[in-house]
Structure formats: structure tokens, C-alpha cells
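For reference, the structure is listed below as C-alpha cells.
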Amino acid sequence: MKIVIAPDSFKGSLSAVEAANAINKGVKNAFPDAKTVLIPVADGGEGTLETLIAATGGELRNVVVTDPLGNKVEAGYGVLGDKKTCVIEMAAASGLTLISNEELSPLETTTYGTGQLIKQALDDGFTSFAVGLGGSATNDGGAGMLQALGLRILDEDENEIGYGGGSLDKIASIDVDAFDSRIKECQFLIASDVENPLIGPNGASHIFGPQKGATPEMIEQLDQNLTHWADYVAEVTGIRLHDMAGAGAAGGIGGAFQAFFPCEVKRGIDVVLEYSNINHFLTGADLVFTGEGRVDGQTASGKTPMGVAQMAKMQGVPTVILAGSVNEDAAVLHDFGVVSIHSIINKPMTLDEAVRSASVLLEWSAEQIVRSYFHPANRN
């Protein structure tokens, strides 16, 4: 038998790699000779870098960059196993996890470090990029990233504006002359599920600002500042980001990519599965395991289990989902090639107990399911 194991992370307890290893142990407990293929995956947010490196036999290269608040932090970019493709996870340099809740400050946080990661990869000779936009702590429209790559964003005294979305109202001109010319020779594949425009009630500030610490007053200020930024971007590039779908991703950095980079935007899980070459590994498979911490009706909107199940269905391979918790509306996933959905919780326990025991619970659940699925009585 051949089993493909392709989970996302179980947030707060297991990385995608750890989850895949736990499921694999369960399968091997039942059938030591089973052929298993481990493809830890993600949906373009946090964890994308790690999973793509693991899935392709790539490597991580560490770089000291600027964190969201302007301090120095060690981040990294990935090189896929093909040695040609660079993976940038903006959360590694500009993410919420880099600052405490008390430090959240969307008026000040910057994407400058993400630009530094891209610049280092350019210096190292890469021209093919995959960029995940999830988990940002920023609302600066990608201005910091562009500054790190040479774009001069100037105030009325022709000085560079400061970091953060709170400085965008100072813009009096944009000078593209020193913007890194190598970028136009590259290709950027942007992993993002966000279709929000840059500004307005459904824009970056109103929808995503609160989780980054924005008060109602800050949200209005940030939205006005992004409008001011978008006006100048339109003057320079001819591209109106104001109402453009996806421009509001990650505090507006999605719009920066669309305006200044040769790029294509795809659903995050599709980008990850494409680079993981999962279609190849699904050939001849008898079963697929996938999963994540919580599965519900929203999982069908493009999260990891849904993407894996869709790929498997195209090859006629059934998919089983394992999750920490399962909502009843998750039943919609049965329409997309999922044969069964299971919570790994096997007895009453607290959330802390479940988190601590996640690996053991996942291993046990995988073992019981595979024993049942491949029992001789079920294979006739």
C-alpha cells in the first residue's frame, strides 16, 4: 500500500513537519511495510517556508534584517530543492509573532525587513520567487519593503518618510530611479487568499487592522494614509490599487507587489502544492491523510485540507482528514473527495492537555484509521 501524508500545522501544538511525522508513526505501527510519502504543507501563511523546504529537500539561509518595529532580527529565506526558487515568508521578517501584544503598533510597523530578504536573495542570484503573505504585523502598504529595494518615498523636504502606515500621509513624491532594476527580470509567485481591496470598509485597515492593534481612530487614519499612498502609486505606475482585488493583503503589501513587481497571485495552498509536486506523489496512492488544528465549513474556502483533497480527487485517491476539533458544518468537505473527518481527541481533556498530547493523539488516530481502512474485510 502507498499512503501520502500531507497535513498542515496544528497551530499552537505541532508544525506541519511534526504532524506528518506523527501520522507516519501511526501508519507504521499498523503496517510497518507500508510505503509512505510525507509532504507537510501550508496554505501560504506562517509555516509555508518550513513546509516547502521540507517537501522539496531545500535549505534555509539566515539573514539579519529589520523587524516590524525597526529592531534587528535573524530571519531566513528558503531555497527549494531545485536550487533555483527562493521562498520568502513575509512573517519571518514582518510578522505578528515577532512582537508582543503590548508592542502592536500598526502606525509604526514596517515591511522593510521583507524587502531586505528579497534584496539578499537577489544578491545571491535568484530570479524565481514564491512569496507567502500571511501573518503580517504591518499596515504600511508595502512601502517599507519597497524602500529596502531602493524606491525613494519622499516628503515635501525630499527626505525619506519614516517607517509605518502612520507616515504615509507625509508622501509628497515617489522616485523610482534607484528601485532595484533586477526585479523586472524576475518572476514572483504570490501566495495569498485575500481578495480585499486596499482601502475602504473592506480594505486592509478596516478588516485586518484590529488584529494588529489598531483602534477605531487608527483604522480611519491608516485608511486615509493608504489612500494617499495609492494616489501617488497611481501617478507613478498608472496602476490604481484603491479598489484592486488582493491589494489589501498583509496590510497592503499585496498591492505593492501588483504595482511594482512582475507577479502572479495564486491561492496559497495551490502555490504550496505546486512546488511540493504533490501530483507526482499521488500517483498510485491508496489513501491520503491531511489535517490541521480545526476543521469547519471555512476549510472549504481554500485551506490546506481542501486543497489536498481536491488534488487527490483528481487522481481518484480518497482523503481522510484529522483535526483537533471538527465542526458539524465540515461535512461540506465530503463533496470534495474527503471520505471521512476525525477529531483526534479520544477522551475528555482540557485544551492544554490536548495541545501537550497532540503528537500522541495524532499517531493513535492515524493508526486506528489505517487499521480499519486496510482491514482485509474492507479490501475485498
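Just to be sure I follow the definition: excluding the sites themselves, where is the longest run in the chain that has none of the GluC sites (Glu not before Pro) in a DSSP loop with at most 11 other Cβ atoms within 10 Å?
Answer from the scan: 159-380.
Hey, which lysines would be in cross-link range of Lys303, C-alpha to C-alpha under 23 Å, not counting anything within fewer than 8 residues on its own chain?
Within the straight-line cut-off, Lys303 pairs with Lys11, Lys212, Lys266, Lys313.
What is the order of Asp175, Asp140, fewest Cβ neighbours within 10 Å to most?
Asp175, Asp140
Measure nothing fancy, just the Cα-based angle from helix 304-314's long axis to the longest principal axis of the chain, in degrees from 0 to 90, nearest 10.
Its long axis makes an angle of about 60 degrees.
What's the center-to-center distance, using Cα atoms, between the range 302-363 and the range 240-295 in Å?
Centre-to-centre (Cα) distance: 20 Å.
Nearest 500 deg cm²/dmol is fine: what mean residue ellipticity at 222 nm does the chain get from its DSSP H runs of n ≥ 4 alone, each adding -39,500 (n - 2.57), divided by its residue count?
-10000 deg cm²/dmol
State to the nearest 20 debye the size of the charge dipole of the range 233-326 about its Cα centre, where the only charges are +1 on K and R beta carbons and -1 on D and E beta carbons.
Around 100 debye, computed over the range 233-326.
State the Cα centre-to-centre distance between the range 70-92 and the range 16-66 in whole Å.
Going from one Cα centre to the other spans 17 Å.
List the residues, sorted by chain then number, that are 5 or more residues from Leu287 or on another chain and whose placed amide H is less than 5 Å from its amide H.
Lys2, Val4
Using 0.36 nm per residue, how much length does the chain from Ser100 to Asp329 gain when fully extended, once their Cα-Cα distance is taken away?
Length gained, Ser100 through Asp329: 79.1 nm.
Quick one: Tyr232, Tyr77, Tyr275, fewest Cβ neighbours within 10 Å first, how do they rank?
Tyr232, Tyr275, Tyr77
Quick note: the coordinates plus some simple rules give every number you see, no bench work behind them. Computed from a predicted model, the values in this text were never measured in an experiment. Note that we place each Cβ from the backbone using ideal geometry, even for glycine, and neighbour counts take in every protein chain shown.
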